Amino acid sequence: MAIEPIYLWDLAGEIGPQPWRTKPTEPDRLWATLLTAKASDAWPAMRELLHRPEAGVKLFQTKIKKAGPVEKLDAAAIARLIRQLDDDDAGERDRASAALGKVARRIEAELRKARETTTSAEARRRLDRLLKTTEGVDPEEVRVIRAVEVIERIASREAKTLLREYADGDEAALLTREARAVLKRMR
């Protein structure tokens, strides 16, 4: 019977160089790296924060605050802004586009419905532009998710306290939902 090799892959990236042991990365640079689109680019920063838990918790305490109340959207106001995308006054159209752009991700369904029903080429063009902003993932949301993942994996008393603080935010906020999910898993 022949002895076969066993292959092990370091999926968590725990083996290999650990440059932060001799020269830690500046916290602001780690914070900026968490914003990158590619997970493979963000992972080294996450890994460093995991290996420097006090620095990680301190960074997140200073950079991420508990989510305050999320502004409730008035359906009538949204409908009015959508109608203003076809206003005779270009300034009104621009103001409506800007206002809708601030909440486009939260009203994507309404924007799509308006896009399907509008007969105005101007409104359709503006709605297309607004809908384009909702494509993909918001980098700030990705950074929040990555930060909560790091805090979860640190799992120190300070990290759990920070998660409880985040979980106490507005329930409509991504940070609050993510922190609550982590705390539920940690039970």
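The table below gives the values:
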read-out: Those residues of region 154-187 which are among the basic types (Lys, Arg) and under 18 Å from the mean Cα position of the chain (by Cα), in sequence order; value: Arg177, Arg180
read-out: Complete set of residues in region 159-173 that are within 20 Å of Arg106 (Cβ to Cβ) and free of Cβ contacts under 8 Å to residues at least 40 places away in the same chain; value: Glu171
read-out: Conditions (1) loosely packed, with under 14 Cβ neighbours inside 10 Å; (2) assigned to a helix (DSSP H, G or I): number failed by Glu178; value: (1)
read-out: When residues of region 17-72 are limited to those that are over 30 Å from Ile107 (Cα atoms) and among the aromatic types (Phe, Trp, Tyr), the one surrounded by the fewest Cβ atoms within 10 Å (Cβ to Cβ); value: Trp43
read-out: Filter result for the condition that a residue is out of contact with any Cys (no Cβ under 9 Å at 6 or more places or on another chain) and within 21 Å of Ser156 (Cβ to Cβ), over Trp43, Trp9; value: Trp43
read-out: Residues (in contact with a helix residue (DSSP H, G or I) (Cβ under 7 Å, 6 or more places away or on another chain) and either part of a helix (DSSP H, G or I) or not small (Gly, Ala, Ser) (or both)) located in region 150-159; value: Val150, Ile151, Glu152, Arg153, Ile154, Glu158, Ala159
read-out: Condition met for Thr134 (hydroxyl-bearing (Ser, Thr, Tyr) and in a loop (DSSP other than H, G, I, E, B)); value: yes
read-out: Lone unmet requirement of (1) touching a Ser or Thr at 6+ places or on another chain (Cβ under 7 Å); (2) assigned to a helix (DSSP H, G or I) for Lys184; value: (1)
read-out: Candidates Ser156, Ser97 - the one that is in contact (Cβ under 8 Å) with a residue 12 or more places away in the chain and more than 30 Å from Gly56 (Cβ to Cβ); value: Ser97
read-out: Hey, Ala123 assigned to a loop (DSSP other than H, G, I, E, B) and among the aliphatic types (A, V, I, L, M) or not; value: no
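Each row is one residue, and each column tells you yes or no for (1) over 30 Å from Asp168 (Cβ atoms); (2) in the same structural domain as Tyr166 (by TED's automatic domain parsing); (3) within 21 Å of the chain's Cα centre (by Cα).
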position	(1), (2), (3)
Leu49	no, yes, yes
Pro69	no, no, yes
Leu85	yes, no, no
Gly101	no, no, yes
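The values are calculated or read from the model by the stated rules, or taken from the named source; none is laboratory data. What you see is a predicted model; the values in this text were computed from it and never measured. With ideal geometry, Cβ positions are generated from the backbone for all residues, glycine too; neighbour counts draw on all protein chains shown.
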